[in-house]
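As structure tokens, the structure follows; a few thoughts come after it.
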């Protein structure tokens, strides 16, 4: 098996995208023979969501049951669900695993270009597409960058390369440590090299303590620590519906934009950043440890003043 494609659905938020997403995905897989790939999808809806299943069933009816779809009637989070799909890909003896969000449109050569990049250079363990913002409401594909992959700065600060900038190729040769969780192609043999054991002894590709947010940063950093390389593939174009930001923001704008995000998301983000600090503290040099302490204390002061609801995050067991 050459390739397994995996994606998750969730409540109403994914249903509105599925028709266009699935058509673009089918088109992007046309370069492979049917025997060379499978599509696994898992529903993370809190309760049975008929709309997601309806779109999947309609697609399968016209595409000879191309998608193997499972529903759990519960939201287990990003990491748990993708670990299930990756484990199934390993069992299928696939060479590659492609992570996708369903709120996307794929260029018809996107997957082909990602696969070619890893086929032609065995030194790469993962490949990141060039992801642009997709204005879903107005159905406009922009050239504003959403992500070319994950970068890490001193003090374990992670970001999406190029995010918010209009693209003129200025980031195509940038350094990244792994693909964004929105989309990335992984060589499964190399994912096996960085698999972790959870507290229950379960093999984990994504650390399941990260319910949502920054689980891709953790995986990317483990690739980096293991010396495994990720390549940017600018020719692999994908369009992603995510609120557009700007490349450079002053402190006031950052704070203003933060308050537009739900409390739950801010709590997950803070908790998961603290897990990253805790998990990789021993791997850091003196300068990075100093910066981690600085950022940790800064976020604590910020929470004391503006986000008291987040204070409980600091008392959760990591």
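The values are calculated or read from the model by the stated rules, or taken from the named source; none is laboratory data. Values in this document were obtained by computation on a predicted structure and should not be read as measured data. Cβ placement follows ideal geometry from the backbone for every residue including glycine, while neighbour counts extend to all protein chains displayed.
Only one residue in 311, 297 is modelled with pLDDT of 90 or more and either in contact with a helix residue (DSSP H, G or I) (Cβ under 8 Å, 6 or more places away or on another chain) or in a helix (DSSP H, G or I) (or both), so which one is that? Exactly one residue qualifies, and that residue is 297. Among the conditions (1) free of Cβ contacts under 8 Å to residues at least 60 places away in the same chain; (2) touching a helix residue (DSSP H, G or I) at 6+ places or on another chain (Cβ under 6 Å); (3) closer than 21 Å to residue 188 by Cα, residue 2 misses just one, which is (1). Taken over the stretch 205-246, the criterion of being closer than 23 Å to residue 103 by Cα and without any contact (Cβ under 8 Å) to a residue 24 or more places away in the chain is satisfied by 243 alone.
With respect to being at pLDDT 95 or above and surrounded by 20 or more Cβ atoms within 10 Å (Cβ to Cβ), residue 40 fits the description.
In the stretch 11-23, the qualifying residues are those that are surrounded by fewer than 19 Cβ atoms within 10 Å (Cβ to Cβ) and touching a helix residue (DSSP H, G or I) at 6+ places or on another chain (Cβ under 9 Å), and the one that is nearest to residue 107 (Cα to Cα) is 23.
Exactly one residue among 119, 103, 107, 146 is surrounded by fewer than 17 Cβ atoms within 10 Å (Cβ to Cβ) and in the same structural domain as residue 206 (by TED's automatic domain parsing), and that residue is 119. Of the residues making up the stretch 43-63, those that are assigned to a loop (DSSP other than H, G, I, E, B) and touching a helix residue (DSSP H, G or I) at 6+ places or on another chain (Cβ under 8 Å) are 44, 45, 46, 49, 63.
The set of residues in the stretch 65-82 that are surrounded by fewer than 18 Cβ atoms within 10 Å (Cβ to Cβ), on the phi > 0 side of the Ramachandran plot and touching a residue at least 24 places away in the same chain (Cβ under 8 Å) contains only 73.
In the set (1) closer than 29 Å to residue 124 by Cβ; (2) surrounded by fewer than 18 Cβ atoms within 10 Å (Cβ to Cβ); (3) touching a helix residue (DSSP H, G or I) at 6+ places or on another chain (Cβ under 8 Å); (4) at pLDDT 95 or above, residue 289 fails one condition alone, (1). Do we have any residue at all in the stretch 220-227 that's buried (at least 21 other Cβ atoms within 10 Å of the Cβ), under 26 Å from residue 112 (Cβ atoms) and in contact with a strand residue (DSSP E or B) (Cβ under 8 Å, 6 or more places away or on another chain)? Yes, the stretch 220-227 contains at least one residue that is buried (at least 21 other Cβ atoms within 10 Å of the Cβ), under 26 Å from residue 112 (Cβ atoms) and in contact with a strand residue (DSSP E or B) (Cβ under 8 Å, 6 or more places away or on another chain).
Just to be sure, is residue 259 more than 22 Å from the chain's Cα centre (by Cα), on the phi < 0 side of the Ramachandran plot, at pLDDT below 90 and not assigned by TED's automatic domain parsing to the domain that holds residue 100? Criteria met by residue 259. Per this entry, residue 87 is counted among residues that are closer than 17 Å to residue 7 by Cβ and assigned by TED's automatic domain parsing to the domain that holds residue 222. Quick check, is residue 61 surrounded by 16 or more Cβ atoms within 10 Å (Cβ to Cβ) and more than 25 Å from residue 269 (Cβ to Cβ)? No: the conditions fail for residue 61.
Would you confirm whether or not the stretch 175-185 contains a residue that is surrounded by fewer than 20 Cβ atoms within 10 Å (Cβ to Cβ) and in a loop (DSSP other than H, G, I, E, B)? Yes, the stretch 175-185 contains at least one residue that is surrounded by fewer than 20 Cβ atoms within 10 Å (Cβ to Cβ) and in a loop (DSSP other than H, G, I, E, B).
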